Amino acid sequence: MSDKITGVGPEAQRERREQLRQLFTTPNEFTSSPLYRALSRTVAAEDGLLDLAGRGRHGQYPTFLFFGAVHQLLLSGVDHPLAGYFPSVVGPGRDAAPAEEAGPALVAFCEQYERELTEVISTRLVQTNQVQRALGLRFGLNTIAAQAAGPVHLIEVGTSAGLNLRFDRYGYTVGGRSFGDPASAVQLVAEHYGPGPLPDLDVLPDVASVLGVDLNPIDVRDPDARRWLEALVWPENHDQRALLAAAIDLTVADPPRILAGDAIDVLPGLARTLPAGEPRVVFHSATRMHVPDHRLAAFDAAIASLGETGPLWWLSVEEAPDPDPRPSPTRHGAALNLRTPDGERHILAVVEGHLRWVETFPAA
Ligand SMILES: C[S@@+](CC[C@H](N)C(=O)[O-])C[C@H]1O[C@@H](n2cnc3c(N)ncnc32)[C@H](O)[C@@H]1O
């Protein structure tokens with residue numbers, strides 16, 4: 001396997017490789033994937049694999065991109081012993097080979113398919129569309145319903161395939177209570193924790209329009225794009241894969257409109273096209289975390305620009321709560337943040353990153 005990271009000198013290459021080694025040595029992100037955690041250790045120990053993982057576009061998270069590429073190739077049906085370690089390829093209800101023994105097969109696979117993997121890693125973006133995050137949007141909209149005068153324009157930044165924008169066509173069961181469409185093929189189930197009450201998630205504002213913005217909108221009607229979304233679901237997560245398939249099937253007949261481009265460039269122009277004075281809600285989840293550090297201020301300013309022509313509610317699920325509003329937190333989660341038009345920031349709930357649980361607390 002070529003040991004070159006394209007286009008950088010030897011010193012920069014060594015430095016980049018060490019950064020990557022660090023990421024693959026502690027792959028804390030793969031909470032529910034023993035296979036990716038085990039294979040990350042193999043990558044961390046192999047310079048050739050680290051260099052391959054480093055061929056992604058600037059700002060793309062290398063561990064997600066690398067395993068997404070491997071997974072996509074396996075899902076496309078290539079015949080290789082590595083497939084036997086992937087629960088997604090082996091299929092639900094059948095045992096995959098032990099994750100801890102998969103390393104040598106990964107090394108052989110990457111040698112054999114280096115060209116194909118490089119093609120995917122260097123062109124694709126991390127675009128995992130977690131349908132379950134529609135629950136975060138619905139939860140936030142419930143709070144906004146009590147505040148917004150009139151129907152809201154909803155804009156999702158980093159919408160991927162736009163599946164969260166169809167939040168009103170899904171069913172939800174949270175802490176045993178049901179909301180939304182009980183007959184929908186997409187049923188999201190989450191736990192509810194905490195002393196705070198669970199709001200009535202059937203109370204929502206009227207929605208005047210929905211629109212997505214993405215660097216690279218995923219067209220759910222394109223089979224290749226669909227396969228990439230499926231490849232970004234970790235191999236063990238059969239339920240998430242089934243949910244994704246159901247949401248794509250539901251959305252394919254009526255996909256939401258998505259503007260292509262960097263939010264930094266697109267949003268200021270969009271602000272001028274929204275009807276002046278009408279309420280608007282911007283939502284982003286697992287998007288800001290992919291924006292390079294030196295672009296974050298511009299990203300935030302672009303979102304804030306939507307508030308220049310009407311009242312803006314800014315809802316997000318990105319980072320850990322800071323400060324944590326829970327008196328003695330026992331679960332690691334992300335803040336469901338809401339910035340209201342008066343500039344006040346509220347943490348509505350603490351949620352698991354994929355919205356598998358929601359923790360509420362009495363309002364301060
Ligand atoms: C990890 S995905 C999350 C998708 C979706 N928000 C969800 O929670 O399922 C991040 C998405 O953000 C998009 N993205 C990242 N930076 C962006 C930017 N500056 N402007 C627009 N989209 C961006 C990516 O293309 C990708 O589709």
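Every number in this text was worked out from the coordinates using simple rules, so none of it is lab data. None of these values were measured; they are calculated from a predicted model. Cβ placement follows ideal geometry from the backbone for every residue including glycine, while neighbour counts extend to all protein chains displayed.
Table for the structure above
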{"read-out": "Extension gain from residue 238 to residue 295, taking 0.36 nm per residue of separation minus the Cα-Cα distance", "value": "17.0 nm"}
{"read-out": "Length added when fully stretched, residue 185-residue 173, from 0.36 nm per residue minus Cα-Cα", "value": "3.0 nm"}
{"read-out": "Per-selection Rg to Rh, region 179-317 - Cα, Kirkwood hydrodynamic radius", "value": "0.98"}
{"read-out": "Whole-Hz couplings from phi, Karplus 6.51/-1.76/1.60, listed for region 231-236; x for Gly and Pro", "value": "5, 7, 7, 5, x, 7"}
{"read-out": "Cβ-derived FRET efficiency at R0 45 Å, residue 344 paired with residue 47, nearest 0.05", "value": "0.35"}
{"read-out": "Principal axes of region 10-123: Cα extent on each, largest first, Å", "value": "46, 27, 23"}
{"read-out": "Residues residue 202 and residue 25, FRET efficiency given R0 of 51 Å [Cβ-Cβ distance, rounded to 0.05]", "value": "0.65"}
{"read-out": "Relative contact order for region 10-123, counting Cα pairs under 8 Å that sit 6 or more residues apart, in percent", "value": "29"}
{"read-out": "Proportion of all alpha-carbon pairs of region 58-155 beyond 22 Å (%)", "value": "49"}
{"read-out": "Added length on full extension, which subtracts the Cα-Cα distance from 0.36 nm per residue, residue 272 to residue 219", "value": "16.5 nm"}
{"read-out": "Modelled FRET efficiency - R0 45 Å, residue 94 with residue 16, Cβ distances, 0.05 increments", "value": "0.70"}
{"read-out": "When region 123-252 is reduced to its Cα atoms, the Kirkwood hydrodynamic radius in Å", "value": "15.6"}
{"read-out": "Projected-area average for the chain over all orientations - Cα convex hull basis, square nanometres", "value": "18.6"}
{"read-out": "Two-site label geometry, residue 319 and residue 57: point separation in nm, points 7 Å out along Cα→Cβ", "value": "2.4"}
{"read-out": "For region 201-268, projected area of the alpha-carbon convex hull averaged over all directions, nm²", "value": "6.6"}
{"read-out": "Nonlocal amide H pairs with residue 212, under 5 Å, H built at 1.01 Å", "value": "156, 257, 258, 259"}
{"read-out": "Distance between region 268-313 and region 162-231 - C-alpha centres, whole angstrom", "value": "21"}
{"read-out": "5 angstrom amide H check on residue 357, placed H, neighbours 5+ away", "value": "191, 352"}
{"read-out": "³J(HN,Hα) computed for each position of region 281-288 - Karplus, 6.51 cos²θ - 1.76 cosθ + 1.60, integer Hz, glycine/proline x", "value": "10, 10, 10, 9, 9, 6, 10, 4"}
{"read-out": "Alpha carbon convex hull of region 303-350, volume per residue in cubic angstrom", "value": "66"}
{"read-out": "Rounded to whole Hz, the Karplus (6.51, -1.76, 1.60) HN-Hα couplings of region 260-269, x for glycine and proline", "value": "8, x, 6, 3, 4, 8, 7, 5, x, x"}
{"read-out": "Among beta bridges that DSSP assigns inside the chain, antiparallel share in %, nearest 5", "value": "40"}
